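The structure under discussion is supplied below as structure tokens; questions concerning it will follow.
The values are calculated or read from the model by the stated rules, or taken from the named source; none is laboratory data. Source: prediction; values computed, not measured. Don't worry about glycine lacking a Cβ; one is built from the backbone with ideal geometry, like all the others, and counts go over all protein chains shown.
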Amino acid sequence: MMEIVLATANPHKVDEMRAIFESLTPVTRLIGLGELGGNPPPEPAETGSTFEENSAIKAISYARATGRICLADDSGLEIDALGGRPGVISSHYCTDGKEAGMSRSERDAANNQRVLRELANVAPAKRSARFVCVMTLSSAQGTILGRVRGTFEGRIGVAGDVPRGKDGFGYDPLFLVAPAFVLTSAELSAEEKNRISHRRSAAEQMAQIVRRM
């Protein structure tokens with residue numbers, strides 16, 4: 001059994017990634033940072049301007065800190081009408097990428113409110129968007145072993161119709177899933193989302209790299 005550290009403290013992401021990845025590579029076990037015991041490694045500064053750069057920063061930093069093979073992902077939402085924003089600052093869009101001491105649920109709600117406000121005058125058909133996930137695999141020594149990119153296409157719903165749904169997190173309650181644009185990502189079951197998500201797309205590609213190892 002190959003053990004790979006998953007470079008995140010987000011329990012939602014750990015559950016989602018484990019469900020996806022281990023179904024693709026059953027001889028691989030993902031371990032969240034919170035399961036390593038002791039104090040978690042310090043969180044590296046995500047100074048990159050792209051998902052690729054930030055994914056590599058996290059993978060290399062946590063691999064060296066733990067002395068284990070490490071898988072990191074950097075993911076977020078790109079909205080075409082906003083020029084690709086929120087992009088790499090998706091998780092802290094409401095504060096322009098800065099940490100402000102908000103809880104995750106408070107931050108998610110504020111992020112969603114900002115997106116809906118900025119799209120208030122944009123027609124539904126012009127609200128195309130996608131979730132992006134870039135995964136980087138690093139050796140314990142900090143050598144990049146592979147990097148892949150996956151996407152999940154849809155559009156942002158109109159305020160009043162969204163947010164909808166109790167599953168998922170982040171921007172899921174706003175995101176109408178293509179091609180029907182009827183259900184939000186938060187209205188999909190975990191199994192349905194894991195079959196078509198950006199993380200699934202990236203994980204399928206990364207699983208091929210891991211199997212070759």
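Going by what's in this entry, would Phe181 be described as without any contact (Cβ under 8 Å) to a residue 60 or more places away in the chain, in a loop (DSSP other than H, G, I, E, B) and crowded, with 16+ Cβ neighbours inside 10 Å?
yes
Further question on the same structure: With the condition kept exactly as written, say whether any residue in the range 186-206 is without any contact (Cβ under 8 Å) to a residue 12 or more places away in the chain and among the small types (Gly, Ala, Ser).
no
Residue pairs, Cβ under 6 Å, 6 or more apart or interchain, first in the range 58-71 and within 14 Å of Gly32 (Cα to Cα), second in a helix (DSSP H, G or I) and not hydroxyl-bearing (Ser, Thr, Tyr). List them.
These pairs meet every condition: Cys70/Ala59; Cys70/Ala63.
Take the range 118-161 and flag every residue that is within 22 Å of Leu188 (Cα to Cα), over 19 Å from the mean Cα position of the chain (by Cα) and buried (at least 19 other Cβ atoms within 10 Å of the Cβ).
Selection gives Arg127, Gly157.
When you go through Arg199, Arg195 one by one, which is the residue that is assigned to a helix (DSSP H, G or I), of a type in the set (D, E, K, R) and surrounded by 23 or more Cβ atoms within 10 Å (Cβ to Cβ)?
Exactly one residue qualifies, and that residue is Arg199.
Does at least one position in the range 74-83 carry a residue that is more than 20 Å from Leu33 (Cα to Cα) and free of Cβ contacts under 8 Å to residues at least 40 places away in the same chain?
yes
Can you say whether Gly168 is part of a strand (DSSP E or B) and surrounded by 14 or more Cβ atoms within 10 Å (Cβ to Cβ), as far as the supplied structure shows?
For Gly168, the condition - part of a strand (DSSP E or B) and surrounded by 14 or more Cβ atoms within 10 Å (Cβ to Cβ) - is not met.
Here is a follow-up. Hey, any hits in the range 101-116 for a residue that's surrounded by 18 or more Cβ atoms within 10 Å (Cβ to Cβ) and closer than 26 Å to Gly37 by Cα?
no
Next question. Can you spot a residue in the range 91-98 that is closer than 25 Å to Glu153 by Cβ and in contact with a Gly (Cβ under 8 Å, 6 or more places away or on another chain)?
yes
Do you know which residues across the range 178-194 are out of contact with any Phe, Trp or Tyr (no Cβ under 8 Å at 6 or more places or on another chain) and not acidic (Asp, Glu)?
Hits for the range 178-194 are Ala178, Pro179, Ala180, Phe181, Val182, Leu183, Leu188, Ser189, Ala190, Lys193, Asn194.
For every residue, the table says whether it meets (1) assigned to a loop (DSSP other than H, G, I, E, B); (2) at pLDDT 95 or above; (3) over 20 Å from Ser201 (Cα atoms).
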| site | (1), (2), (3) |
| --- | --- |
| Pro26 | yes, no, no |
| Leu30 | no, no, no |
| Gly34 | no, no, yes |
| Pro40 | yes, no, yes |
| Ile57 | no, yes, yes |
| Asp73 | no, no, no |
| Gly76 | no, yes, no |
| Ile89 | no, yes, yes |
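Across the range 27-55, what is the total count of residues that are out of contact with any helix residue (DSSP H, G or I) (no Cβ under 7 Å at 6 or more places or on another chain) and crowded, with 21+ Cβ neighbours inside 10 Å?
Count: 1.
Would you point out the residue of the range 102-142, among those that are free of Cβ contacts under 8 Å to residues at least 12 places away in the same chain and of a type in the set (S, T, N, Q), that is farthest from Gly160 (Cα to Cα)?
Checked the range 102-142; the qualifying residue farthest from Gly160 (Cα to Cα) is Ser103.
Also, quick follow-up: Would you mention how many residues in the range 131-150 are in contact with a Gly (Cβ under 7 Å, 6 or more places away or on another chain) and either β-branched (Val, Ile, Thr) or within 20 Å of Ile89 (Cβ to Cβ) (or both)?
Looking only at that region, the number is 2.
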